[in-house]
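Worksheet: the structure to be examined is printed underneath.
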Amino acid sequence: MNNTDTICAPATAPGGALAVIRISGPEALSIVSTLCSVCCDRVAANTVHYTHIVDAQGQIIDEVMVSIFRAPHSYTGEDSVEISCHGSRYITRRILDLLVQAGCRMAQPGEFTKRAYLNGKMDLSQAEAVADLIASTNRASHQMAMSQLRGHFSSELSKLRDQLLELTTLLELELDFSDHEDLEFADRTQLLTLAEKTDQRITTLAHSFETGQALKQGVPVAIIGRTNVGKSTLLNRLLKEERAIVSDVHGTTRDTIEDVIDIQGITFRFIDTAGIRQTTDQVERIGIQRTYDAITKARIVLWLFDQAPAEAEVADLLKRTEDKALIPIHNKSDLGPVDCTAIAGRPVISISAKHAPSLDALELAIYQAANIPEIQDSDIIVSSARHYQALQQAHENLSRVLIGLRQNLPSDLLSEDLRLVLDNLAQITGQARIMPTEVLENIFRHYCVGK
């Protein structure tokens with residue numbers, strides 16, 4: 001990507017009543033001026049003008065609104081123009097053709113946001129939050145992305161780096177006076193306390209990654225049980241559509257079926273599985289193995305039964321779900337109660353997936369089992385695997401610093417590990433560190449064109 005080019009691209013998806021075309025770069029104002037009656041170079045910044053886009057023969061292509069933004073007060077930090085036109089695919093294509101003929105080139109995916117990062121309008125974590133905001137599918141993932149975009153994560157990392165810089169400065173001052181062996185610029189006990197506090201915060205941020213992934217990808221919920229206990233019926237009721245085949249024939253579901261629903265602002269990814277039973281059918285046995293695989297990957301397990309389960313069945317399932325949130329469910333309650341009110345201390349929820357007017361109580365139990373805190377605007381939750389890996393590396397390097405402080409190792413060894421921690425945190429925001437080209441390309445590769 002060449003930042004001296006002037007780029008253009010549609011900033012809205014095709015098919016709407018209106019479309020927005022974004023232009024950014026050193027010649028943005030002059031190029032747009034050649035296509036309309038507005039002298040963009042001369043008008044005030046942050047103003048909107050009604051005009052017509054015309055071709056070289058003077059034919060009017062469309063009546064438009066032209067918004068003017070001057071560097072550095074624009075999304076990219078460059079001179080920028082946004083043309084709002086009618087949403088016709090033909091009109092959009094014609095205007096883009098005229099812009100290219102006048103000297104623009106079509107933007108690559110994510111190039112506008114990449115320029116915003118390179119021009120200091122946002123750091124790298126905020127740039128990644130733009131993509132997360134666009135992809136958000138529920139209230140929680142939206143709030144998580146907004147928090148990161150507004151710089152709360154960056155601010156937290158900045159505080160951590162300031163603390164680490166204080167540590168590094170004091171230790172390296174000792175190196176400058178290494179000929180005075182008895183000279184210390186800071187009490188090692190105080191340094192240890194500061195390092196432990198910093199490491200605790202880094203660890204907390206890293207641990208939030210599991211929650212961040214659940215909010216971003218959806219909380220995985222496996223629906224399991226014997227054949228014909230109503231698993232597919234329950235999935236259809238939760239989804240409010242006939243997604244899975246329902247039949248009285250045992251072993252109808254041979255493979256996992258997945259779909260998502262939103263419960264109180266959080267996306268849950270439900271997985272309907274093959275019924276668990278002894279069988280000689282090779283295909284069904286493969287489906288049952290996939291049921292066990294789904295349990296392994298799930299965060300929540302809904303265990304359906306229509307009669308009291310045997311002790312061996314309970315023991316086997318508790319072993320398979322010992323690190324999961326297990327919700328025992330007695331289905332077909334309209335046919336009569338079962339002598340089972342709790343399993344391993346977990347209360348049994350009685351429902352009729354086929355006939356109950358609502359499943360509100362079950363949905364509430366699923367929401368509570370996810371154990372995801374209410375996301376506030378300023379909450380910091382890590383959702384990027386790249387950020388998580390950097391935090392993990394920072395924790396590992398800082399752990400060596402803690403060991404060194406406890407063992408009273410020389411300052412030069414401690415300073416080296418501290419610089420590695422600083423570098424790990426800098427990888428997240430891209431500040432005070434030159435990011436490798438391949439890292440940047442990988443980050444912006446999945447952006448949509450026009451953003």
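The distance between label points at M146 and L335 comes to 4.7 nm (points 7 Å beyond Cα on the Cα→Cβ vector).
Across the stretch 4-19, rounded Karplus estimates of 3J(HN,Hα) from the backbone phi angles (6.51 cos²θ - 1.76 cosθ + 1.60, θ = phi - 60°) give 8, 6, 9, 10, 9, 5, x, 9, 10, 6, x, x, x, 5, 10, 9 Hz, Gly and Pro being marked x. For the pair D97 and N46, the difference between a 0.36 nm per residue extended length and the Cα-Cα distance amounts to 15.8 nm. Modelled label positions at Y292 and L192, each set 7 Å beyond Cα in the direction of Cβ, lie 4.8 nm from each other. The peptide list 359-369, 106-116, put in order of mean Cβ contacts within 10 Å with the highest first, becomes 106-116, 359-369. Remark on the chain: C36, C39, C40, C85, C340, C448 stand apart, with no other cysteine beta carbon under 4.7 Å.
Remark: the chain is approximated by an ellipsoid whose semi-axes, taken from the C-alpha gyration tensor as √(5λ), come to 49, 40, 16 Å, largest first. Heavy-atom accessible area, probed at 1.4 angstrom with all protein chains present, ranks Y292, Y50 as Y50, Y292, highest first. Heavy-atom accessible area for R226, with the other protein chains in place and a 1.4 Å probe, reaches approximately 80 Å². In summary, the stretch 103-168 shows an alpha-carbon radius of gyration equal to 1.39 times the 2.2 N^0.38 Å reference for compact globular proteins. Once backbone amide H atoms are built at 1.01 Å from N, L359 has no partners under 5 Å, excluding neighbours fewer than 5 places away on the same chain.
For the stretch 4-65, report the accessible area per residue in Å² (1.4 Å probe, heavy atoms, rounded to an integer). Display every interim value, and only then the final one.
On the way: 3070 Å² over 62 residues.
Dividing the accessible area of the stretch 4-65 by its residue count gives 50 Å².
Where the alpha-carbon atoms of the stretch 90-129 are placed on the principal axes, they occupy 36, 19, 13 Å, in descending order.
What length, rounded to one decimal in nm, is gained on full extension from E313 through to E210, with 0.36 nm per residue of separation minus their alpha-carbon distance? Spell out each step's value before the answer.
Numbers: separation 103, 0.36 × 103 = 37.08 nm, distance 2.98 nm.
Length gained between E313 and E210: 34.1 nm.
Please give the charge dipole size of the chain, origin at the Cα centre, charges +1 on K and R Cβ atoms and -1 on D and E Cβ atoms. Round to the nearest 20 debye. Please list the in-between numbers first.
Working: 43 positive and 59 negative charges, 334 e Å.
Dipole magnitude for the chain comes out near 1600 debye.
Its Cα gyration tensor gives the stretch 70-112 an equivalent ellipsoid, and the semi-axes of that ellipsoid, as √(5λ) in whole Å with the largest first, are 21, 12, 11.
At 1.4 Å probe size, what's the solvent-accessible area of D412? Round to the nearest 10 Å². Surface accessible to solvent at D412 totals approximately 80 Å². Look at the alpha carbon pairs under 8 Å that are at least 6 residues apart: their mean separation over the length of the stretch 69-135 gives a relative contact order of 31 percent. The share of accessible area on the chain that comes from carbon and sulfur is 50 percent, using a 1.4 angstrom probe. With both labels modelled 7 Å from their Cα along Cα-to-Cβ, the S158 to T203 distance reads 2.7 nm. Summary value for the chain: 17 percent relative contact order, contacts being C-alpha pairs under 8 angstrom separated by 6+ residues. Karplus-derived 3J(HN,Hα) values for the stretch 64-74, using 6.51 cos²θ - 1.76 cosθ + 1.60 with θ = phi - 60°, are 9, 10, 10, 9, 10, 10, 10, 4, x, 8, 8 Hz; glycine and proline are entered as x.
Relative to the compact-globule scaling 2.2 N^0.38 Å, provide the ratio for the alpha-carbon radius of gyration of the stretch 316-379. Don't jump to the answer; show the numbers that get you there.
Numbers: Rg = 14.7 Å, N = 64, 2.2 N^0.38 = 10.7 Å.
That works out to 1.38 for the stretch 316-379.
Taking a 28 Å limit on the Cα-Cα distance, which of the listed pairs K240/K324; K297/K451; K121/K216; K159/K324 fall beyond it? Numbers along the way, then the final one.
Numbers: K240/K324 26 Å; K297/K451 34 Å; K121/K216 25 Å; K159/K324 35 Å.
Distance filter (> 28 Å) returns K297/K451; K159/K324.
With contacts defined as alpha carbon pairs under 8 Å and 6 or more residues apart, what's the relative contact order of the stretch 311-366 in percent?
RCO, the stretch 311-366: 33 percent.
Remark: the stretch 319-409 carries 54 Å² of accessible area per residue (probe radius 1.4 Å; ligands, DNA and RNA excluded).
Once R0 is set to 35 Å, what does the formula 1/(1 + (r/R0)^6) return for the Cβ-Cβ distance between R406 and L364, expressed as a FRET efficiency to the nearest 0.05? Intermediate results must be reported in sequence, preceding the final value.
On the way: r = 48 Å, r/R0 = 1.36.
E between R406 and L364, to the nearest 0.05, is 0.15.
The values are calculated or read from the model by the stated rules, or taken from the named source; none is laboratory data. The shown structure was predicted, so the numbers you read here are calculated from the model rather than taken from an experiment. We place every Cβ from the backbone using ideal geometry, glycine too, and count neighbours over all the protein chains shown. Heads up: the accessible areas ignore ligands, DNA and RNA and are worked out on the full protein's heavy atoms, side chains in. Shrake-Rupley method; radii C 1.70, N 1.55, O 1.52, S 1.80 Å.
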